[in-house]
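Note sheet for the following structure.
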Amino acid sequence: MKAKLRWILLLISLPALLFGQSSGKLVGVVKDKGTNEPLPGVNISLEGTTMGAASDVDGYFVILNVPVGTYTVRANFIGYQDVFMEKVRVSADVTAEVNFNLSETAIEGQAVVITAEKPLVEKHITQSVSLVTSDDLENMPVRGFNNVIATQNSVVVQDGNVHIRGGRHDEVGYYIDGASSIDPLTNTQSLHIIQEAVEEFQVLAGGYTAEYGGANSGIVRTELRTGSNQYKLSLDVQTDKFADEGEEFLGTYSYRHHNAVATLSGPLLNNKLRFFVAGENAYQGDRSVRFTEGFNLFNLIDSNPENPLVAGGQPDTVSSYGLPGGFTPQREEDLWALQSTLLFDLSPLQFRLSGSYSDRSQQFNSFYENAQVGSSPNTPLLNLLNDRTFDDRFTNLLLTGKMTYILDTKSILDASVSYFNSVLDREDSYFGNNWQQWWDSSAVSQHTNGAVNYA
């Protein structure tokens, strides 16, 4: 019977071993401010949650499995002033320390509010870690996953790829809420991350534990936000769609860039259930911005009617040949993304679900589109000749679920599961993935109302 029980516990624990930790721990000591003696039995709670603990005979307390975020920690004991420690930061796989000194009081209702300070040295972090919190993201003058990561130590972004400690871009491990988000075909991150949905980024440049495998250079860990104890709604819209294609306005051009992000979070069932959801639409009419006045040539006539490529000796005429100023058509990118979390807290049992979905479509106007902008002198001939271009569509889905049961102050039981799906479809701009019609001249002529005819 004992052998069977050991096997059952092992099978339950195996999924958790494949996941990185997506929560932290809060510890501290409570003492009498006057005598400096430890206070046992003090109630320690995280405001707005059902999580908490009581100090032991040595005044020591520990709260396990705390979701990543910023909290107000309350210390409450009969005969002493309540103390509230604000802005206490809990990071993934990191122990946060908060110590309390309580003063005796004979008047009920008095409380002391203290704002926690970020330590100069995180003594509980034993590896090389760079942290970027949601507060940091709000104050950064950059937007985008790679742009944020590029600001950290040991990180270089080149040709759109992240390199850590000089390693290759496919030697970096990526995790979202503890689950790997690596595309197994390319060994790179393909899932879009909404910046407003991030509670914390961590860049591990060395010294990380064996739970993170298959990454020689470093680890990039993302923790999504957990729902708040109050309903919150946000909306942010940015656009430069102030002019038509190729039209100069106020000394510049519109590149038809548009970005909209909405978030919603709040509690349900008396704070036992908290949700967070974020959605984003990012559209770029021309994702490779260039600075040019453009050109347009009309009524071009072949000066060599004897050209054997000209049928019947008739000269070839092109009525219009050019590019609009500051804008390259048929090079658009349209992204839709959704990320959400759901936390069900039935202490000591806790369930956390999270989902990330992105759908990105791109148009290509040149066979040299994979070259870095500025590195290839080739003109986008497919655009100039008004010919067909191909489209790429990337869809990615990551679902994670985690169950945690706190056995005591020193032991927890985790069970985790994840599902990841990544699809790339290369489609024709006329008929999508209908291969049978790609080179059907009749279908092409009908689709373009006779504007394009293949012999």
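The values are calculated or read from the model by the stated rules, or taken from the named source; none is laboratory data. All figures in this text were calculated on a predicted structure; none of them were measured in a lab. As a convention, Cβ positions derive from the backbone with ideal geometry for all residues, glycine included, and neighbour counts pool all protein chains shown.
Just checking, does the stretch 91-102 include any residue being crowded, with 17+ Cβ neighbours inside 10 Å, closer than 30 Å to Q284 by Cβ, at pLDDT 80 or above and of a type outside the set (D, E)?
no
For residues in the stretch 257-289 being outside any strand (DSSP E or B) and of a type outside the set (S, T, Y), which is nearest to D345 (Cα to Cα)?
If we take residues in the stretch 257-289 being outside any strand (DSSP E or B) and of a type outside the set (S, T, Y), then K272 is nearest to D345 (Cα to Cα).
Which strands (runs of 3 or more DSSP E) does the stretch 150-249 wholly contain that include 1 or more residues that are under 22 Å from E280 (Cβ atoms) and in contact (Cβ under 8 Å) with a residue 24 or more places away in the chain?
On the way: elements: 155-158, 161-164, 172-176, 198-206, 218-224, 232-239.
Answer list for the stretch 150-249: 161-164, 172-176, 198-206, 218-224, 232-239.
In the stretch 20-88, which strands (runs of 3 or more DSSP E) lie fully inside it and hold 3 or more residues that are of a type in the set (D, E, K, R) and either touching a residue at least 24 places away in the same chain (Cβ under 8 Å) or within 23 Å of K402 (Cα to Cα) (or both)?
In the stretch 20-88, the matching strands (runs of 3 or more DSSP E) lie at 23-32.
Is it true that T400 is surrounded by 12 or more Cβ atoms within 10 Å (Cβ to Cβ), modelled with pLDDT of 85 or more and within 28 Å of N187 (Cα to Cα)? Show your work before the answer.
Details: surrounded by 12 or more Cβ atoms within 10 Å (Cβ to Cβ): yes; modelled with pLDDT of 85 or more: yes; within 28 Å of N187 (Cα to Cα): yes.
For T400, the condition - surrounded by 12 or more Cβ atoms within 10 Å (Cβ to Cβ), modelled with pLDDT of 85 or more and within 28 Å of N187 (Cα to Cα) - is met.
Which residue out of A262, A205 is closer than 30 Å to E332 by Cα, surrounded by 14 or more Cβ atoms within 10 Å (Cβ to Cβ) and not basic (K, R)?
The match here is A262.
Considering only the stretch 75-106, state which residues are within 22 Å of I176 (Cα to Cα) and not charged (D, E, K, R).
The answer is V90, S91, A92, V94, T95, A96.
Based on what the data block shows, is L39 of a type in the set (A, V, I, L, M) and either at pLDDT 85 or above or not assigned by TED's automatic domain parsing to the domain that holds K87 (or both)?
Here the answer is yes, as L39 does meet what is asked.
Tell me which residues, restricted to the stretch 34-75, are touching a Pro at 6+ places or on another chain (Cβ under 8 Å) and of a type outside the set (G, A, S).
Listed by number, the residues that qualify are D56, V57, D58, Y60.
Would you confirm, using the coordinates I've provided, whether V30 is at pLDDT 70 or above and either in contact with a Phe, Trp or Tyr (Cβ under 7 Å, 6 or more places away or on another chain) or surrounded by fewer than 16 Cβ atoms within 10 Å (Cβ to Cβ) (or both)?
yes
Cβ contacts < 6 Å: first residue under 24 Å from R256 (Cβ atoms) and assigned to a strand (DSSP E or B), restricted to the stretch 334-361; second residue at pLDDT 95 or above and among the aromatic types (F, W, Y), any location; separation 6+ or different chain. Result?
If the second residue must be at pLDDT 95 or above and among the aromatic types (F, W, Y), the pairs left are L338/Y357; D359/W336.
What number of residues within the stretch 408-420 are surrounded by 11 or more Cβ atoms within 10 Å (Cβ to Cβ) and not hydrophobic (A, V, I, L, M, F, W, C)?
5
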